[in-house]
Each structure stands twice: as structure tokens, then as C-alpha cells.
Amino acid sequence: MVFGILLSCIFLVTVHLRLGSSCQCLWLGLALPVVAEEKQTFFPSSVPLAVRSPTFNCWLDVHNGTNPMGLWPQFWTDNHILGWTGYIKVDGQTYHWLGDPAPGNTSMWLSTQVTPTRTIFTVQAGPMQLNVTFLSPIEPSDWAKQSFPFSYVYVDGKSTDGMAHFIQLYSDISGEWVTASFDTGIQWNSTRKNNTVYHQIQSTSPHSEFTDIAEDSVVYYAISSAQPNLVSVIGTDQALRLQFASQGPGFTLTSDLEGQIGNVQGEDGKLPVLAHALDLGSTDTIATVAWAVGLIRDPVITFGNVSRRAYYWSQYASIGDSIDAFMTDFPAAQRRALALDQQILQDALTVSPQYADLVSLGTRQAMAGIEITLSTTDNGNRFNFSDVKAFMKDVGNSQRVNPVETIYAALPALMYLNSSITGLLLEPLLEYQSSSAYGNGYAASDLGLLYPSAPGGPNASAIYGVENSGNMLILVLAHAQSSGDGSLISRYYDLLTKWAEYLGKNALSPAQQSADARDTVLSQTHGNVTNLALKGIIAIQAMSKISQISGRSDDAQKYMTMASDSIQSWHNLSFVSPSQLRWTYNNSTWGLMYNLLADKLLKLDFVPTSIYTAQSSTISTNVNESQFPLGPPLSSDSNLNARSDWTLFSAAAADNITRDLLISGVHEYASSNVSSSMFPTLYNVQDGSGPGPGMSPNGYASPAQGAVFSVLALSVANRTVIVPPSESTRDAPPELSDSSTGGGGTTGAIVGGIVGAIIAVLVIILKMTGGSLISCTLCSIF
């Protein structure tokens with residue numbers, strides 16, 4: 001207990017010293033309300049609220065400076081409201097801190113802070129200042145927790161007049177979470193567990209074929225049963241909210257629903273809602289009050305003909321037990337989120353505050369695109385821990401499952417947070433393509449076109465053969481080196497050599513289009529793109545490294561020679577001048593050679609320095625902020641459109657001046673706030689516009705934004721790769737092994753290094769403060 005308090009104290013003091021005024025977002029976790037010391041400078045168009053999976057993906061659209069406290073949350077598509085409201089009543093006066101319900105006044109918005117795991121709104125409701133925090137846990141080294149699609153919202157606050165006030169709190173969610181239609185029939189229920197009260201709502205006719213809103217889901221709203229004067233009830237929005245607003249202390253809420261079945265919206269216009277409210281009495285301080293919202297699908301995906309369940313089911317006997325554990329774990333989850341935020345922000349701030357903003361905005365959506373699953377036997381009740389696979393939806397672009405180019409874009413985040421997850425995503429792709437069902441000599445683009453079904457991609461197009469084959473070889477080596485796990489290399493070596501041979505014949509002069517051709521607004525429809533050729537050549541060198549790791553020296557030499565010859569030819573074809581690179585052979589176009597990052601991430605030291613120097617020079621020569629205020633386009637022939645993920649790849653592969661220029665452009669776009677969007681990858685560099693809500697592709701909420709970690713991933717150290725002689729089974733969940741956490745800057749490093757660092761941190765703090773700050777902080781906490 002004392003150790004935990006001391007650790008929290010040290011963390012808060014060091015963050016305060018490190019981040020100055022921006023540490024407001026980190027102090028909130030201990031329910032210490034504060035006023036922002038500086039004016040907010042980062043204004044995203046939308047901010048993540050509850051973002052945990054492709055179907056549990058809730059944002060708040062705050063573009064054009066609108067008061068976020070008067071808006072309804074939206075699904076990531078930005079064209080479907082997710083009914084979610086929050087009220088505070090102060091001395092009989094009602095204010096809402098979430099949604100736009102009636103009755104009640106909108107609370108006054110003061111500031112918004114975004115960290116990698118949290119979005120914090122500071123608002124004024126009469127004489128009470130509130131911190132409203134939306135926490136989407138990121139637990140990359142605990143696959144049960146990471147795969148559990150639940151999120152917290154919690155409130156703390158203090159009066160600004162120093163007086164006590166009568167305080168009541170209320171929050172509800174509606175059936176809009178489980179369907180795209182108001183006409184859908186729904187059913188609801190309430191449950192009380194040992195530590196939790198929760199409501200649930202679901203469709204009366206669930207079906208697993210859907211586009212984005214999960215029509216086979218069950219949504220839950222929970223609160224700790226230990227809360228004082230708690231009232232939990234299911235009723236209509238109009239009845240319950242009016243009752244809360246009109247009653248005084250000691251209020252009651254009475255349901256106006258008959259039975260447990262109805263429609264999302266009745267003929268009278270009323271929506272059934274799941275509500276929890278509590279009376280705090282007279283007080284000048286609101287200690288932390290937390291609710292939990294979650295959206296469950298079971299099974300989550302079908303791979304081949306086998307239905308697969310989320311990993312967390314292997315740890316709990318029932319959904320009620322898992323919800324109870326999630327609510328009980330809230331204080332510890334909050335501490336873990338603070339620690340992860342601190343680690344990520346500390347690393348990102350060594351680059352720049354703008355970079356830290358981008359990492360904060362992109363982290364949750366990068367991880368939310370992934371579902372970690374297990375296969376089962378015994379009617380789904382016995383779990384096979386040797387068969388853990390992860391699946392990614394191409395959120396923001398299509399219904400594709402495990403899109404290879406998106407996994408490639410998300411690689412930096414996975415390397416930083418837990419590189420083993422990369423292996424879980426690659427396993428089903430490799431397994432399928434090594435089977436008789438797939439006979440192409442190049443890698444497939446994905447595992448299917450209609451998430452949540454992953455039958456495989458037998459009709460993979462040769463158009464993307466160089467792109468996908470290069471991506472797969474780079475991904476396999478990145479996974480092995482950053483995790484130390486060579487099992488994929490052992491099982492699929494022959495398949496990898498087939499792709500390397502294909503690249504040897506096609507990489508240098510790729511007639512195929514790149515992945516960017518899928519984004520039609522980028523207009524990348526031609527062959528001989530130098531950036532694509534570079535990826536294929538680097539991938540051949542990666543295959544040489546894979547062969548070396550496998551002890552196949554002849555193959556290693558063969559692929560090294562192949563790659564070396566190809567890079568020399570590429571060099572001769574790609575230079576306009578000693579300081580300028582072409583985007584396509586034999587013309588004067590220019591672009592971002594974002595695939596250079598693969599050479600750096602893999603630490604191959606293969607691409608000559610002259611190419612890196614020329615790329616930075618090409619960018620600085622052709623890009624100026626007046627012409628491209630939001631950063632450069634992908635290329636001079638991309639219709640002035642860019643992809644932020646590829647821009648950030650390019651930044652990490654450039655010199656520091658060019659790096660900062662590219663980061664600044666993406667930051668300016670992310671903070672431009674001119675149109676509604678959930679941090680999309682795709683945009684016009686002159687006006688920030690994109691395809692818009694409901695259009696595909698638009699890049700909204702894409703896990704490709706894991707590219708924001710590109711600079712941080714460069715510090716992830718290579719591990720000694722253990723290649724088993726033959727396929728082996730694992731008796732324990734893989735996340736418990738030494739290779740389950742990635743290299744530098746990982747959650748494992750946070751836990752492993754913190755004990756040894758406590759004394760050193762104390763000494764640093766004492767030196768920086770003369771002992772006064774640490775003494776004051778310790779006294780106030782104890």
C-alpha cells in the first residue's frame with residue numbers, strides 16, 4: 001500500500017516537472033481537480049471516448065469549436081449517434097456533461113486534454129468544476145484485458161466557491177449502440193453481482209452479417225454497487241431524465257416501461273435507456289465516480305469455417321464475472337493507464353510537443369482495430385492456448401479482414417507496445433497462404449472482404465503482388481527481431497522464400513500498383529513507382545536476414561546478392577540529380593519514400609546513406625508551408641492528397657529538420673478542426689478536406705494511425721531470435737512468456753524498471769526542487 005502511494009507520488013511529481021502545464025491530464029487520475037495553466041493549443045476534429053474494437057468505437061465530434069458538452073457521441077463513421085448522456089445536478093439546477101438531452105443546461109466547456117489512453121474534459125457546472133474522463137484501457141501485455149471490449153467514464157470535481165452543494169449524478173446509454181436502425185426490436189435486462197450493478201440491451205433478432213454497426217452485439221452499462229444512494233433502472237429517455245432533473249435530494253427513478261422488449265425508438269418517440277444515478281448529498285468535492293460501458297460479440301470472427309471467441313472468455317466463467325472484475329479493477333486500471341501515458345508521452349516529448357499530441361490522438365484507434373482470439377473445443381468451453389490469433393478490420397476504408405498494408409502501417413505501434421501482437425495478426429495470413437487453398441506465388445492482400453468473416457483471399461490480385469509480398473517479409477522479420485520469437489520463420493520459411501523469389505523477379509520494375517492505388521483519390525494508377533520498388537528490394541534483404549537467422553547461409557548470401565544488385569540498379573534509375581529522387585522512373589515527379597522506414601525499423605543498414613540524404617533534400621526542396629500548410633502530398637501526382645500514416649513513416653526515416661517539418665504538417669491537419677472526422681489517414685494538404693462521412697475510403701479511425709509511433713519504434717531494440725527446429729505447441733498463454741512484450745518503451749519496461757528507478761528518481765526530484773516539492777506532495781498524500 002505504502003509502495004503504491006509512493007510510486008504514485010513520484011510519478012505525479014516527475015510528470016509535473018517534465019510536462020509543466022500539460023500535466024493537467026495526468027493529475028486528473030487521482031481526483032485532484034485543477035485549472036488549466038495554459039490555453040489549449042491542440043483541437044482535433046473528433047476525440048475518442050470509448051474506443052476498444054472495430055465495433056466498439058465511440059467518438060465525440062467537436063469540429064469548428066463547438067461545445068463538446070452539448071453534442072451526442074458518434075460511431076466512428078460519424079453518421080450514427082450513440083445515445084450516451086451524463087448529468088450533474090447542483091442545488092437543484094441540472095447540467096449535462098455529455099450528450100444533448102432535454103431537460104437541463106449545457107455545462108460550460110473549459111478545456112480538453114487527450115492522452116494515449118484518455119480524453120479529459122474540464123467543465124463548469126454552476127459552482128462545480130468537473131473533470132470528465134473517458135478511459136479506454138490499453139493493456140498490450142495482458143491479452144485477456146486487452147481483448148475485453150469495455151471502457152470507463154469517470155467524474156471528479158470540486159466547488160469553485162469553496163462552499164458545499166447538494167450534488168446528484170446521472171448517466172444512461174440507449175439501444176442505438178446495438179443497431180443501425182430505430183426500428184430494430186430490442187430486449188433488456190438488469191443484473192446485480194457481488195460488486196457491480198449492470199444493465200444490458202441487445203437486438204431481438206441479432207445477425208452476424210453487418211457493415212459497421214454490430215447487429216449481433218450486446219451492450220452493457222455498469223456501475224459499482226458500493227456507490228452511495230445508488231439508483232439503477234431501465235426506462236425511457238424522456239421519463240428518466242425528466243424525473244432526475246425535477247426531483248430534489250433523495251430522488252427516485254421509476255421505470256415507465258412495461259416488460260423487457262420494445263424497439264430502439266417507440267412510436268411515441270421515446271428510447272429505452274440503461275440508467276445509473278446517485279445522490280452524493282451536500283459536499284464541496286466529488287470523489288471519483290466511475291461507470292463502465294462495453295459492447296460484446298461472441299463469437300467475434302469466423303476464420304475458415306471455425307468460429308473464434310475473444311481471448312478474455314478463457315479467464316472468466318461468465319460475462320457477469322468479467323464485468324464485476326472490470327469494475328473492481330478500476331483503481332488499478334487507472335494507475336496502469338497513468339503509467340502507460342507517462343511512458344509514451346515522456347518518449348514522444350523527446351521529439352516534440354506536436355509529436356506527443358499526434359501519438360496521444362492515434363494510440364487508441366491503432367489498438368482498437370485488433371481483436372485477439374482463441375479457438376475452442378468442447379462446444380466452445382475449452383480454449384486452445386496454442387492457437388491464439390488476432391484479426392484486424394480495415395476500419396475507415398472497407399470490410400477487409402487483416403489488410404496487409406494496414407498491418408504494415410500499424411507496425412510501429414505494435415513494435416513499441418507489444419510486438420508479439422504482430423505475430424498474432426500474421427499467423428492466420430501465413431497459415432491460410434501455406435494451405436492448398438492458396439496457390440499464388442505472391443502474398444495475398446487480406447483474409448476476406450466481409451468482416452467478421454475471414455474465409456481467406458484465393459482471388460488475390462497480382463496488381464498488389466509486390467506491395468503485399470514486401471509487406472509480409474518485412475512484417476515477419478520485424479516481429480521476430482523485436483519479440484525474439486522465430487516460430488513464424490520456422491513454420492513458414494518455404495512460403496517466405498517463395499515471396500522473396502517473386503520479388504526478385506518483379507520488385508525493381510513493379511508494373512503493379514501500390515497499396516495507395518486502393519485510395520482512388522490518390523490517383524496512384526501507374527507502374528514503376530520508385531517507393532514501391534524500394535519496399536520490394538528492402539524486403540529481399542529482409543529475407544536474407546531471415547535466412548541468416550534460420551541458419552541457412554547459402555540462402556542468406558543468395559538474397560543479399562539479389563538485394564544488393566537491385567538497390568544499385570534502383571539507385572541508377574531513381575536519381576534526378578545527386579540530391580533529388582524521382583517518384584517514378586524516367587520522369588521528374590517527386591514523392592515521399594516512406595518505405596525507407598523499413599530499413600531503419602529492421603536495422604538492416606542496407607540502404608545507402610546517399611538515398612536518405614537525397615530523400616530529405618527532395619522534400620525540403622519541393623515542400624514549403626505556404627504551398628502545403630498541412631504538409632506535403634504523397635507525391636506530386638497524388639491530386640494534392642496525403643496519407644498521414646505514410647507522412648509519419650517518411651518523417652521517421654528523414655533527418656531531424658525534415659522530420660519535424662513533416663510532423664508539423666500532420667499536426668496542423670489533426671488540429672485544423674475544419675470538418676468532422678475521426679483522425680483520418682486521408683486528406684487534402686491544402687484545405688484539410690477528405691472524402692467525408694459515409695464515403696469509402698475515408699480513413700476515419702483507421703488502425704493505420706499506429707504509424708504515429710514511427711519515430712518511437714526506432715528505439716525498440718532487436719532481441720536474440722529463437723527459431724524452433726520444428727513447430728511446437730505452447731502450454732501457457734503466450735503473453736506470459738519473455739517474448740510477449742516488445743523492445744524499448746514497452747509496458748514491460750515500465751513495470752520492470754520502475755522499482756530500480758525509484759531511488760534515482762527521488763534524488764533527481766530532491767535536486768530539482770530543493771526537497772520542498774517532494775515533501776509537500778508526500779505530506780498531502782499521506
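At-a-glance table
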{"read-out": "Boolean, K535 is assigned to a helix (DSSP H, G or I), closer than 24 Å to T618 by Cα and not polar (S, T, N, Q)", "value": "yes"}
{"read-out": "Matching entry among S190, S111, S171 (being at pLDDT below 95, out of contact with any helix residue (DSSP H, G or I) (no Cβ under 7 Å at 6 or more places or on another chain) and either within 23 Å of A245 (Cβ to Cβ) or among the hydroxyl-bearing types (S, T, Y) (or both))", "value": "S111"}
{"read-out": "Within the stretch 568-598, tally of residues that are farther than 30 Å from A413 by Cβ and of a type in the set (A, V, I, L, M)", "value": "2"}
{"read-out": "Subset of the stretch 214-243 (residues that are modelled with pLDDT under 95 and assigned to a strand (DSSP E or B))", "value": "none"}
{"read-out": "Of residues in the stretch 359-383 being hydroxyl-bearing (S, T, Y) and under 25 Å from P703 (Cβ atoms), the one surrounded by the most Cβ atoms within 10 Å (Cβ to Cβ)", "value": "T363"}
{"read-out": "A413 being not acidic (D, E) and not in a helix (DSSP H, G or I)", "value": "no"}
{"read-out": "Selection within the stretch 650-689 - acidic (D, E) and assigned to a loop (DSSP other than H, G, I, E, B)", "value": "D655, D687"}
{"read-out": "3 or more residues free of Cβ contacts under 8 Å to residues at least 12 places away in the same chain: qualifying strands (runs of 3 or more DSSP E) within the stretch 30-131", "value": "none"}
{"read-out": "Residue match in the stretch 194-207 (condition: among the aromatic types (F, W, Y), surrounded by fewer than 23 Cβ atoms within 10 Å (Cβ to Cβ) and over 21 Å from P452 (Cβ atoms))", "value": "no"}
{"read-out": "Some residue of the stretch 542-556 being in contact with a helix residue (DSSP H, G or I) (Cβ under 6 Å, 6 or more places away or on another chain), within 15 Å of Y442 (Cβ to Cβ) and not aliphatic (A, V, I, L, M)", "value": "no"}
{"read-out": "Set V300, V289, V218: member being under 30 Å from D91 (Cα atoms) and among the aliphatic types (A, V, I, L, M)", "value": "V289"}
{"read-out": "Sole exception among (1) out of contact with any Ser or Thr (no Cβ under 9 Å at 6 or more places or on another chain); (2) in contact (Cβ under 8 Å) with a residue 40 or more places away in the chain for I540, by number", "value": "(1)"}
{"read-out": "Sole exception among (1) surrounded by fewer than 17 Cβ atoms within 10 Å (Cβ to Cβ); (2) out of contact with any helix residue (DSSP H, G or I) (no Cβ under 7 Å at 6 or more places or on another chain) for D256, by number", "value": "(2)"}
{"read-out": "Which listed residue is assigned to a strand (DSSP E or B) and in the same structural domain as A707 (by TED's automatic domain parsing), from S398, S386", "value": "S386"}
{"read-out": "Restricting the stretch 197-211 to residues that are of a type outside the set (F, W, Y) and not in a strand (DSSP E or B), the residue that is nearest to V231 (Cα to Cα)", "value": "T204"}
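The values are calculated or read from the model by the stated rules, or taken from the named source; none is laboratory data. Since the structure is predicted, the reported quantities are computational estimates derived from the model, not experimental observations. Using ideal geometry, Cβ is built from the backbone for each residue, glycine included, and neighbour counts are taken over all protein chains shown.
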